[in-house]
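Colleague: Have a look at this one.
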Amino acid sequence: MLLSLSWLREFTPYAGTPQELADRLTMLGLEIEEIKNPFEAIMGVVVGKVLTCAPHPDSDHLSCCTVDVGGPEVLSIVCGAPNVAAGQLVPVATVGVSLPGGLVIKKGKIRGQESFGMICSESELGLAEERSGGIMVLPGTCKVGAPLPEALGLDTCVLDVSITPNRADCLSVLGIARETAMAFDLPLTLPEVSYPEAGPDAGMEVAIEITDPAECPVYRAKLLSGVTVGPSPDRIRWRLLAIGQRPISNIVDATNYVLFELGQPLHAFDRKKLAGNLVKVRNAAEGERITTLDGQERSLTVRDLLICDAEKPVALAGVMGGAVSEMEAGSTDVLLECAVFRPGAIRKTARRLSLPSEASYRFERGVDQVGSVYAMNRAVALMLETAGGMALPGVALAEPRPFMPRAIGFRPARATMLLGEDMPEAFCRKTLAALGCELTGTDPTGVMVVTPPPFRLDLEREADLIEEVGRVYGLDRIAPRLPRVSKSLDEVPGETEFGFWARVRAYCVGVGLREAVNYSFVGHGDLDLLCLDAACRVSVANPLSEDQNVMRPMLAPGLLGSVRHNLAQGNANLRLFEVARIFTADAEAESTAREAGRLGLVLHGARHPEGWPWPRDEEAGYADIKGLVEGLLRHLHLPEAAFVREETLQWLAPQVEVRLGDKRLGLIGQVAPEVADAFHARTALWLAELDLDLLFALATGYKPGFAPLPGFPPVRRDITLAAPAGVTVGAVLAAIREAKAPIFEDVQLIDAYKPEDGTDRRLTFRLTYRHAEKTLKDKDVDKVHEGLAQAVLASLPVTRP
């Protein structure tokens, strides 16, 4: 909203600088976007007096003038306006001045006569849209040589105020004047309103009918007769121009003036164009049409609200008037509408029709139903002042829903607690009273009853009042303090199952897997393909389809379905995971089914699908999926698992059971070719499924601890062993660790090679040695390393090649 500082000072005597006002309003929640001079472009134009005016010797329409602009020399100016005459005070743009249209005044010759400036019209100064037939003639009270904006008393300081949607009361000069008066402890004065009345009572002349009180709580109409439509006085025109509004006529300008001054939208109808002395507020019929003031025909719905006379719609309520009832040059009688409409209805109509207006902008946020009476009378007084005529006594009125004030309980102690700053009761009372609230005494429980003013529709509960107290106190003055912690860290609850699942998902995404989300329903046919026992299945009584007639007892069917879908779309390189629940039959359970959490992993296609510098012909294998499982256990700070070969499932070959101690964690395996073929997989398809409930139980038992960083460097030695087919890598690793060498720290497999002649595999391990108190010497490491190697050779059927 654009706020004229001089207009504000008509309501409250603020004497500070614009920047001080902007800073204070911003801290009150009314952010000032910009402070500007709307007439900056004409600040170089000055008041001049035409001393002489003679016809141009070589033109029948130009005049040669001498003009005093308050400088040391009189200027010679050639002017083409027909109304220029000696003795006039006129606006003069001297050489070097730039006008609003971008024209820069230069010294020149016009048909042989030198011209040192330009005598301007209102349109050339941006003070009128239409080009007039002559120059602008200034009042005789203007001072020669004074800047034109100063001479005309233009509003040269305008603040661009950003109003939040809840502060509808600040969409007017009066609303911001209230905030200013409260902030600087200044009085607030409203313009006096009085005007003569004569003739029959307006309530007997026009009837008001409202079909739905919820859509229109009140509708008032004031009648005027004998008005003369014409231009508004300069002071109203200049003020409207300062806030970016186009002056239209004295009647329309009066409604716009009050709109920005008091925040109440009004509309002036030509009463002679209204049929039947009836104003009816109703919802439109579906498909009903109306032509609005912009000349566009609008198609309406039953949710749109109309203002109608006895025969036809004459306005789109709260949004825009109709073309059939607009004020024109020959209009003499006025019906002035002053109403309140339901904000939601106006907002939907304006948005649907893409027809925003200053009126709808305010109706959408709510207007002051009580204060609308003063706004109507203020507009009537301006119309009679600027257009003449007479107002009929009384008001045509329908108010099916009178305004009912709200009473809110307010506790100063509660304000202190929520704001974190002491808010004495005296300060709270002073602040709320300055905001226009009515207060009662505080009862024994510390509660006072606060009745907000009718223009503060946003104050609905105690928290709103506390926010107002904090806003006026200054939220920037509240010192930052950490909240008091009443519980120790030992009482903080542990990780939830939801949080643990999120941690598992984060690990899977971090290692490059993509999450698959499948239905909990699968088909009996898929389970038969995997040879799963029928006794564990939970059939669906009313399945969506035959492919979804049983609850999944494991994640494999859904994941294999995801593989099939991706392969059908040409995506052959798959690294998928799924975190979900499975369902198995359990007669002892209340629902006859038992749920459990599972993590499923699937690998298919190239090991390095990104290509160079990695080899593209390597396919993902057992080592890849086993590494994902081992990485997850390390991520959860769990001990290393044992991987034991099994042959319990026909559709997995090979099949490896994952064990943590004596607990079965899950399985890893390659899907049998005949089963993989059913899911369109033509190359190796690896799958793993782990028990998330067991992982969660084990992970919650982990207690983080501190260990100092090593103080001395490690020494590493490699050893290669020839292992027959029956000796697993895990057995060798276990044998190395069980040797319990004194300075042994860690071991890892770094290479595995199987000769083409079918002899024993060559396994190369890297062992790390470190002493906690000194730097190791080679001879010390060699002795321990050789002893460890002999221990492994003695415990396993392996050799050193």
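The values are calculated or read from the model by the stated rules, or taken from the named source; none is laboratory data. Predicted model, so just to flag it, every value in this text is computed and none were measured. All Cβ positions, even for glycine, are placed from backbone atoms using ideal geometry, and neighbour counts span all protein chains on display.
Colleague: Testing ALA580 on (1) closer than 30 Å to ARG607 by Cα; (2) assigned to a loop (DSSP other than H, G, I, E, B), one condition comes back false. Which one is that?
Modeller: Of everything listed in (1) closer than 30 Å to ARG607 by Cα; (2) assigned to a loop (DSSP other than H, G, I, E, B), ALA580 misses just condition (2).
Colleague: With respect to LEU418, determine if the residue is part of a helix (DSSP H, G or I), of a type outside the set (D, E, K, R), under 23 Å from MET27 (Cα atoms) and modelled with pLDDT under 95.
Modeller: Here the answer is yes, as LEU418 does meet what is asked.
Colleague: Go through ALA41, ALA15, ALA22 for me and flag whichever is without any contact (Cβ under 8 Å) to a residue 40 or more places away in the chain and of a type in the set (Gly, Ala, Ser).
Modeller: Working: ALA41 fails: without any contact (Cβ under 8 Å) to a residue 40 or more places away in the chain; ALA22 fails: without any contact (Cβ under 8 Å) to a residue 40 or more places away in the chain.
Testing whether each residue is without any contact (Cβ under 8 Å) to a residue 40 or more places away in the chain and of a type in the set (Gly, Ala, Ser) leaves just ALA15.
Colleague: Might you check whether a residue that is within 25 Å of ASN573 (Cα to Cα), in a helix (DSSP H, G or I), assigned by TED's automatic domain parsing to the domain that holds ALA534 and of a type outside the set (Val, Ile, Thr) occurs anywhere in the range 608-622?
Modeller: Yes, the conditions are met somewhere in the range 608-622.
Colleague: Given the structure, is ILE750 in a strand (DSSP E or B), free of Cβ contacts under 8 Å to residues at least 60 places away in the same chain and among the β-branched types (Val, Ile, Thr)?
Modeller: Details: in a strand (DSSP E or B): yes; free of Cβ contacts under 8 Å to residues at least 60 places away in the same chain: yes; among the β-branched types (Val, Ile, Thr): yes.
So ILE750 fits the description; yes.
Colleague: Taking VAL84 as the residue in question, decide whether it is part of a strand (DSSP E or B) and not small (Gly, Ala, Ser). Write out each step before concluding.
Modeller: Details: part of a strand (DSSP E or B): no; not small (Gly, Ala, Ser): yes.
Spelling it out, it is not the case that VAL84 is part of a strand (DSSP E or B) and not small (Gly, Ala, Ser).
Colleague: Surrounded by 15 or more Cβ atoms within 10 Å (Cβ to Cβ) and either at pLDDT below 85 or outside any helix (DSSP H, G or I) (or both): is that true of ALA572 in this structure?
Modeller: yes
Colleague: Between a first residue in the range 314-333 that is touching a residue at least 60 places away in the same chain (Cβ under 8 Å) and a second residue that is buried (at least 24 other Cβ atoms within 10 Å of the Cβ) and of a type in the set (Phe, Trp, Tyr), which pairs have beta carbons less than 8 Å apart while being 6 or more apart in sequence or on different chains?
Modeller: If the second residue must be buried (at least 24 other Cβ atoms within 10 Å of the Cβ) and of a type in the set (Phe, Trp, Tyr), the pairs left are ALA317/PHE341; MET327/PHE269.
Colleague: Same structure again: Within the range 718-742, which residues are more than 16 Å from ALA791 (Cα to Cα) and touching a His at 6+ places or on another chain (Cβ under 9 Å)?
Modeller: If the condition is that a residue be more than 16 Å from ALA791 (Cα to Cα) and touching a His at 6+ places or on another chain (Cβ under 9 Å), then no residue fits.
Colleague: Let me ask something else about it. Identify, by number, the condition in (1) farther than 24 Å from ARG362 by Cα; (2) exposed (fewer than 14 other Cβ atoms within 10 Å of the Cβ); (3) of a type in the set (Gly, Ala, Ser) that GLY295 doesn't meet.
Modeller: Of the numbered conditions (1) farther than 24 Å from ARG362 by Cα; (2) exposed (fewer than 14 other Cβ atoms within 10 Å of the Cβ); (3) of a type in the set (Gly, Ala, Ser), the odd one out for GLY295 is (1).
Colleague: If you don't mind, another one. When you go through (1) modelled with pLDDT under 95; (2) in contact with a strand residue (DSSP E or B) (Cβ under 8 Å, 6 or more places away or on another chain) one by one for ARG235, which number turns out not to apply?
Modeller: Checking ARG235 against (1) modelled with pLDDT under 95; (2) in contact with a strand residue (DSSP E or B) (Cβ under 8 Å, 6 or more places away or on another chain), the one that fails is (2).
Colleague: Identify all residues within the range 723-763 that are surrounded by fewer than 16 Cβ atoms within 10 Å (Cβ to Cβ), in contact with a helix residue (DSSP H, G or I) (Cβ under 8 Å, 6 or more places away or on another chain) and within 22 Å of VAL644 (Cβ to Cβ); write none if there are none.
Modeller: GLU738, LEU749, ALA752
Colleague: Scan the range 226-241 for residues that are among the small types (Gly, Ala, Ser) and out of contact with any helix residue (DSSP H, G or I) (no Cβ under 8 Å at 6 or more places or on another chain) and jot them down.
Modeller: GLY226
Colleague: Return the total of residues in the range 340-379 being acidic (Asp, Glu) and surrounded by 21 or more Cβ atoms within 10 Å (Cβ to Cβ).
Modeller: 2
Colleague: Let me ask another. Of the numbered conditions (1) surrounded by 16 or more Cβ atoms within 10 Å (Cβ to Cβ); (2) touching a residue at least 60 places away in the same chain (Cβ under 8 Å); (3) in a strand (DSSP E or B), LEU638 fails exactly one; give the number of that condition.
Modeller: The single condition LEU638 does not satisfy is (3).
Colleague: Now for a different question. Determine the pairs where a residue that is without any contact (Cβ under 8 Å) to a residue 12 or more places away in the chain, located within the range 655-675, has a partner that is assigned to a loop (DSSP other than H, G, I, E, B) and among the small types (Gly, Ala, Ser) with Cβ atoms under 6 Å apart, the partner being 6 or more residues away or on another chain.
Modeller: Listed by first residue and then by second, the contacts come to nothing, as the list is empty.
Colleague: For the list (1) assigned by TED's automatic domain parsing to the domain that holds GLU425; (2) loosely packed, with under 13 Cβ neighbours inside 10 Å, I need the number of the one condition that SER488 fails.
Modeller: Only one criterion in (1) assigned by TED's automatic domain parsing to the domain that holds GLU425; (2) loosely packed, with under 13 Cβ neighbours inside 10 Å is unmet by SER488, namely (1).
Colleague: So which residues in the range 208-218 are closer than 14 Å to GLU337 by Cβ and either of a type in the set (Gly, Ala, Ser) or without any contact (Cβ under 8 Å) to a residue 24 or more places away in the chain (or both), if there are any at all?
Modeller: None; the set is empty.
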